[in-house]
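Beneath this line is the structure, given in structure tokens, with notes to follow.
Just so it is clear, none of the values below were taken in a lab; they were calculated from the coordinates. No experiment lies behind these values; they were computed from the predicted model shown. Because the Cβ atoms are built from the backbone with ideal geometry, glycine has one as well, and the counts that use them run over all protein chains shown.
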Amino acid sequence: MHIGIDLGTTNSLIAVFRGGQPELIPNPLGQVLTPSVVAIRDGQLVVGEAAREIARSAPAQAAALFKRSMGTDREYRLGGTAYRAPELSAMILSALKADAEAHLGQPVTDAVISVPAYFNELQRKAVRAAGRIAGLNVTRLINEPTAAALAYGLHEREGESRILVFDLGGGTFDISVLELFEGVMEVRASAGDAFLGGEDFTEALARHIAQTAALDPHDAELRPALLKLAEQAKCALSTAPEARITAEVGGQTLDQTLTRDRFEEVTAPLLARLAVPLDRALSDANLSPGEIDRLVLVGGATRMQPVRAYAGRRLRQLPVSGVDPDQAVALGAAVQAALVARDAGLDDVVMTDVSAFTLGIDTAHRRGDRWHAGYFAPIIERNTVIPVSREETFSTVEPGQTELRFGIYQGEAPVVADNLHLGELTVQVPRNMAEHEKVKVRFTYDVSGLLEVDVTVLSTGKKASLVISQLAGEMTEAEITKALKKMKALKHHPREDAANLHLRARLDAAFAMARGPSRPWVTGLILRLEEALDAQDPDALDTLRKDLHAALDRFEADHVR
Ligand code: AMP
């Protein structure tokens, strides 16, 4: 059986083409969206919703957002073992494969997996490696925007057509301009903002809710509750003109009514940022908005009314409709899988070559009257079209300092310790007052993956340079074989127990969140679950699970109407 997979940053989906159309396959919890989170608990692998709950109560036992590290050397520690992003992705893929096999009642061997259009060779190889580690034969990788267009059947149109895919997910924003011509779908241009997504809208709204109630939006204890309220209100506003927020937070009773207009005002700075990639993709494709034949919205965050309205206004048309924006990519991957199986796969070409990760150096920042080293200063941002050359100026921090040392790093973390160290470069500077000696640091990155770093001292003209020929990232054949063995040795949590595991993980997360008398109350719920598990009465367990989930829903509070 040939299936299509959307391996997403926050959620993954799997679909199959049957009876002339693509359909999504549910996981053991009956949901089609499986959070891209993995955890190891009691030596067993846990994937999806339960792993996401574990991440809330015991973050060290779980890993999430690893799609961002595909094609890098970054390692995540889980259950005392180090894993790279393709291995973690393989855990998701193998859970999805098991779901499909249980649902279809037959083995699943072949898969089409979607990747962002901007993924470079290294990242694409990492996805293929993940497929192999999961025991899948990856017949094709399909670009996410192309898959979305396929889900709408846009590949069946006669003649030439230009499609703009507007994809706002949880954490990233991507615009792709596609051109369809004689059975070839070409990504003419793509642009994006790797740090803009639905979560930022939630964050802005949480701040607004806190400020309205005179609460500190940065209070770490209040944040989870505020974010949850904001997320619910945000989603409610996608279908209703206003949302009412009533909850107990930080010893205060909140009662606020939020209108769509207010939401639009609060998120205006984020909406403004949508313009940059949109303009850039159109100008790179040499097209005006009027030349776009079809507008496709992808990603859960395009359900927000202000975002839809913005896209429609800019492209002067209504988006194509009929497919859920969260599901389009997976459905399209299944369409492609069916086409490949019929030997008629649509060709999918990407034109852009971009840097997969951010490249930069370590710097010091002043906190109070002291300098603290180890902060990451990006020079070439990820998703920059290559070849590229960028320059930044830095200065000495200590009086009388005679040497400047630059650590060169690849990664997305704000502190260099969490990024990958690529090399080191030192230059001598004349003795001078603090911040009086300046140097220019130039990064040049080309298509063959060579990174050249040049440092010039402005006062003396002295130069130093370094060429880094191999950005780390690709898994070798030996590493893939080793990962396959690691995966085989890993015990998977039994699928039939998924619902109990999910509830237990949710109870644990509630316990971690609770304080005071709520804690013994949660413990009471845990005991009820454990007793029911001991008694092994499936019907009673079923009823109890529903009751406990309902109790947790109430506990997690936040009554948004
Ligand atoms: P994705 O990465 O495509 O799964 O998108 C996830 C993002 O979509 C998250 O930020 C969600 O909060 C957001 N989202 C999901 N459903 C809705 C909704 N009904 N209204 C607004 N945002 C939503």
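The stretch between ALA58 and GLN21 holds 9.3 nm of extra length on full extension. This uses 0.36 nm per residue minus the Cα-Cα distance.
Put +1 on the Cβ of each Lys and Arg and -1 on the Cβ of each Asp and Glu in the chain; which of PHE376, LEU287, PHE173 then has its Cα farthest toward the positive end of the dipole? The one lying farthest along the dipole's positive direction is PHE376.
Neighbour counts of other Cβ atoms within 10 Å put TYR375, TYR409, TYR310 in the fewest-to-most order TYR375, TYR310, TYR409. Extension gain for THR212-ARG77 works out to 44.6 nm (0.36 nm per residue, less the C-alpha to C-alpha distance). GLU452 label point, 7 Å along Cα→Cβ, cut-off 17 Å on backbone N: hits in segment 413-441? Zone members listed by number: 440-441. Modelled label positions at HIS436 and ALA464, each set 7 Å beyond Cα in the direction of Cβ, lie 2.1 nm from each other. Counting only Cβ charges, +1 for Lys and Arg and -1 for Asp and Glu, the dipole size of segment 198-270 around its Cα centre is about 160 debye. Per-residue Cβ neighbour counts within 10 Å put LEU278, LEU507 in the sequence LEU278, LEU507, beginning with the fewest. Helical content of the chain, expressed as a calculated mean residue ellipticity at 222 nm, amounts to -11000 deg cm²/dmol (DSSP H runs of 4 or more residues, -39,500 (n - 2.57) each, divided by residue number, nearest 500).
Using only side-chain charges placed at the Cβ, +1 for Lys and Arg and -1 for Asp and Glu, the dipole size of the chain relative to its Cα centre rounds to 680 debye. Modelled this way, with points 7 Å down the Cα-to-C-beta line, the labels at ASP369 and VAL276 are 3.7 nm from one another. Positive end of the dipole of the chain, charges at C-beta (+1 Lys, Arg; -1 Asp, Glu), about the Cα centre: which of LEU96, HIS2, LEU150 has its Cα farthest in that direction? Farthest towards the positive end: LEU96.
Sorted ascending by nearby beta carbons within 10 Å, beginning with the fewest, PHE376, PHE511 become PHE511, PHE376.
Of interest is the spacing of the C-alpha centroids, which for segment 477-498 and segment 191-207 amounts to 34 Å.
Length available on full extension from HIS549 to ILE526: 0.36 nm per residue minus the Cα-Cα distance, which gives 7.1 nm. Size of the chain: Rg and Dmax of its alpha carbons, in Å, are 25.1, 81. Summing +1 for each Lys or Arg and -1 for each Asp or Glu, what net charge is found among the other residues whose Cβ lies under 11 Å from the Cβ of GLU424? Combined, the nearby Lys, Arg, Asp and Glu give 0.
Working ranking of peptides 313-323, 493-503 by packing, defined as the average number of other Cβ atoms within 10 Å per residue, highest first, is 493-503, 313-323.
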